[in-house]
Structure formats: C-alpha cells, structure tokens
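Notes follow once the structure below has been shown.
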Amino acid sequence: MLNGPPILEARGIHKHFGTLHVLKGVDLVVAPRELVFIIGPSGSGKSTLLRCCNRLEEPSSGSVVVDGIDLLDRRTDINAARRRIGMVFQSFNLYPHMTALGNVALALRRVLGRSREEAEAIAHAALRRVGLDEKANAYPLELSGGQQQRVAIARAIALEPRVMLFDEPTSALDPELVGGVLKVMRELRESGMTMVVVSHEMGFARAAADRVLFMDQGRVVEEGPPAQIFGDPRADRLREFLRDLDRH
Amino acid sequence: MSNWDNFIFTFFNARVMAEYLPRIIDGFFLTVGLAALIVASGLALGLALAVIRSFRIRPVNWLIVFLVDLFRALPPLVVIVLIYFGLPPVGLAPSGFVSTWVALTLVLAAFAEEIFWAGILAVPRGQWEAARSTGMGFAQTLLWVVLPQAVRLTIPPLTNRTIAITKGTALGSVVAVAEILSQASAGVSFSSNPSPLTLGAIAYLILFVPVVAFGRWVETRFAWRR
C-alpha cells in the first residue's frame, strides 16, 4: 500500500536554538498516502521537526527533500516549494481582516496567479470539502475555533499540496469542537492525502495512523505501527509517557 | 466706556473684523491646503519608511532610526527655520510655504514611521508563518496580510499624532506663510486691534473641531473591532 519514492524525506535533522539542542539527528521519511503521527512530551522537538519540513524553521544541519525538491538548497525557490506543503497551525492563524473565502483564495490569487473568479471557485470547493461553504462570507472572529481550523485546512488543501503538516491542530480547541476537525482530517486521509500530524489525539492516532513516531528530548525514541506503539511499547520513556496520558 | 464695551471693542470689533475677514478666509484655505499636503506626504513617507525598515537591512535601519529620532526630538519650529534660513546659503531658497510643508512632513513622517512600525510588529508571527507556508513571499505577505492589519491597529494613535502636527501649520507664520495665524497677526498690526486674532481662533476651530471629532469617531470605531 505504501510505495514509490518518499514524498517527504528529512534526514539527520539537527536544530539548535542558541545553546539549546532541540533536535539531535532526526529522520522523518514519509511515503505517498501515508499518515505519520508524531507524539511525545512537550519540548521533545515534535513541532520544531515539523516546522523544519517547510523551512519555517531553518535546520542547523541535515537535509529535507519534499517531492524531489531539496528544500535546503540555496538555489531552491522556497516559495514554490512551500506550495506543495500544506501546513495547519495550532492557533489557526487565519487572516482576521478577510472572510473565510478570502483566506482560502488569497494564495490562489497571489501565488498561483489565478483570476478572482477561478480562485473563488476553487476556494468554494475547498470550503465545501471541510463542510463550511455556507460560512464563506464570515470573518474568522465570527467562527468557532473548530470552524476556524477547518477553514485553515481548506486554505491549505486549496493549493493541492503533496503533503500536509498538522501542528497540534486540535490543541487549542474546546473538547466538543475537536471531533469536527478530526472528521475533516479523516476524510482528507481517505482521499489519499499524505499527512504528518503532531498531536495528542491518541484515539485518532490509533484509528488512522499508518505509523507513529515517539519523540523525546530531540530524538525519535520509538517508531512503529500504532498497534505496536500503543499496545506493546518497548522504551521506558514511551511507557511512562502513555501511562501519564492515561491518568488525565 | 464700560469694561464690557471695552472688551467688545478690543476682541469683537465688528468694523475691524469685517475689514480683515477676507484675509482670514484666504488664510483658512491656505491652511487647509497646507495641512492636506502635510498629511498626505507625511503619512506616505512614514509608511514607506516603516515598510523599508521591515526588510531589516541593518545599515538602512540604523539610518531610518537615526532620522526618525532626530525629527521626533527637534521642535517643529526649529526644523522650519532651519530649512527656510539654512538652505539659501547652499543655493536652495524654498518659500515659507515649501519650508513649512517639508519640515512638518518630515516630523509627521518620523512619528508615523514609529507608529506604523509598532503596528507591523504587533501583527502576530503566526500571520507571517501562515502566509509564508502557502508560498507567499515576504513582500506579498507584508502587502496582503500584515499591512492591512498593522494599519488598522495604528489608526487611533496615528489620527491623534496627525492632528497635533497639522496644527503646527500655525508655525508657518514665522516664515511668512500667509496662513490663518499670519493673516490674523498682520491684521492686528495694521488695525492696532486684536479682533482679527479672534477671527483666527474661530477659523482654527472651524477647521480642527471636525477633525478632532473625526479622530474620536475613528478611535471608538476601531477600538472594538479586534
């Protein structure tokens, strides 16, 4: 089921923030249509790793290749490369001065150079996919957190990325709003989207992930299918982490 | 003559007022024109400087910060006088009108740059990241995502500062700009009666009360929209 060359291949990623060594040689290789889940305690470097994958964070060393494009090559047009990598943020980061439709259409117009009509047609289609086309003319402040996050997903998928990065997409949401976002993510996965998800939604990981990475202190400590990671964890730190989660 | 009659004769002398009203009206329109020029060029220059500063080219930013601090520190009158009396020896002879326009433009631009810059910094980092992650470049992100939010944040402080500096057009009277105050003082000298100054004050009120009211409206309008 998972074949072909990887869509995302990050190798030997190190990241220093001043004297802080946040990533200590991490590999992340994602095959087409694969859903990779990254779990771990806060401060383990999961979000930093994700942000290195579209160079929102500059890795101190290592290589990142997405869809055959070397992201760290100085000659690479980073803006062109980022079009192929969708990203969804913990705090949604919708543009507050634009409607939902405007948020989704902006990059279509300014990056892909589509006409207003084309961009809006694509944006409406993307909003339909996240079940929010009826909110096309609402401003972010008029939407619930869950709806804002779904618009943010629409903004990313409208550009038809080859891979989607989710950085704790449900962590800022009230519990009753999480389900709607996870449903959209599940549909996205079923449509064949390649996804990397940093999240604490273990139920979702168990149900939807092909592979789970457990990170701690800047390293991938354990890696495997969800049944193994959750059912038969080997590393002490992973066992401890899962035990702590159960207690909450 | 009673004290009251004396007061009316001094400050509300109908004959003197009638004689000098046309000049005050001329001064009024000149002040409006000068103020409009200062606002347009000062805000445009201030915004341009803030945008240049956001590219964070170190030597350029040092220069911007130096100039901005310079013109925020100097009293506007000193800048006007420096341009009017200081440039002719080097071969430039700007009129009083141009001197006042340029001087107050520089002062307004300096304050506006600081305010716009603060606005740009106040836009959360996540806005930049979201836009950049969709493949938008730095300049596109600035233009379409950051500046619209920054300008909105800066409208209330900017309006107040703009009003304060625009009132500085009265300083033009020192370098013979025929604006309201200058016309009024001339009237006082010729007629040996202060009534033209009363007219001048009224002209300033007619000009600036609506502007101040507009500023107040803008402040409330934008206070709750975020």
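Observations on the model:
- A:TYR95 closer than 18 Å to B:SER133 by Cα and either surrounded by fewer than 19 Cβ atoms within 10 Å (Cβ to Cβ) or hydroxyl-bearing (Ser, Thr, Tyr) (or both): yes
- Within segment B:45-64, restricting attention to residues that are open to solvent by 50 Å² or more (accessible area, probe 1.4 Å) and without any contact (Cβ under 8 Å) to a residue 24 or more places away in the chain, the residue that is nearest to B:ALA139 (Cα to Cα) is B:ILE52.
- Every residue from segment A:10-46 that is in a strand (DSSP E or B) and open to solvent by 60 Å² or more (accessible area, probe 1.4 Å): A:ARG11, A:HIS16, A:PHE17, A:LEU20, A:HIS21, A:ASP27
- Every listed requirement among (1) over 30 Å from A:HIS21 (Cα atoms); (2) modelled with pLDDT of 95 or more is met by A:PRO169 save one, (1).
- Residue in segment A:49-57 that is part of a loop (DSSP other than H, G, I, E, B), more than 14 Å from chain B (Cβ to nearest Cβ), touching a Lys or Arg at 6+ places or on another chain (Cβ under 8 Å) and buried (at least 21 other Cβ atoms within 10 Å of the Cβ) present: no
- Taking (1) open to solvent by 20 Å² or more (accessible area, probe 1.4 Å); (2) farther than 16 Å from A:ASP27 by Cα in turn, A:LEU108 satisfies each apart from (1).
- B:VAL32 vs. criteria without any contact (Cβ under 8 Å) to a residue 40 or more places away in the chain, surrounded by 13 or more Cβ atoms within 10 Å (Cβ to Cβ) and closer than 25 Å to B:LEU171 by Cβ: no
- All positions within segment A:95-139 that are among the hydrophobic types (A, V, I, L, M, F, W, C), within 11 Å of another protein chain (Cβ to nearest Cβ) and part of a loop (DSSP other than H, G, I, E, B): A:MET98, A:VAL111, A:LEU112
- Residues of segment B:115-139 satisfying the condition of being surrounded by fewer than 19 Cβ atoms within 10 Å (Cβ to Cβ) and closer than 21 Å to A:GLY113 by Cβ: B:GLY137, B:PHE138, B:ALA139
- In a residue-by-residue description of segment B:11-23, the property of being open to solvent by less than 30 Å² (accessible area, probe 1.4 Å) and not in a helix (DSSP H, G or I) applies to at least one position.
- Among (1) hydrophobic (A, V, I, L, M, F, W, C); (2) more than 14 Å from chain A (Cβ to nearest Cβ); (3) closer than 30 Å to B:THR220 by Cβ, the one test that B:VAL177 misses: (3)
- Within segment A:190-248, considering residues that are touching a Ser or Thr at 6+ places or on another chain (Cβ under 7 Å) and charged (D, E, K, R), the one farthest from A:PRO169 (Cα to Cα): A:ASP216
- Residue list for segment B:143-160, restricted to those being buried (at least 22 other Cβ atoms within 10 Å of the Cβ) and either at pLDDT below 90 or more than 10 Å from chain A (Cβ to nearest Cβ) (or both): B:ALA150, B:THR154, B:LEU158
The values are calculated or read from the model by the stated rules, or taken from the named source; none is laboratory data. Predicted model, so just to flag it, every value in this text is computed and none were measured. Virtual Cβ from ideal backbone geometry, glycine too; neighbours counted across all protein chains shown. Protein only, heavy atoms only, side chains kept; ligands, DNA and RNA dropped before computing areas. Shrake-Rupley method; radii C 1.70, N 1.55, O 1.52, S 1.80 Å.
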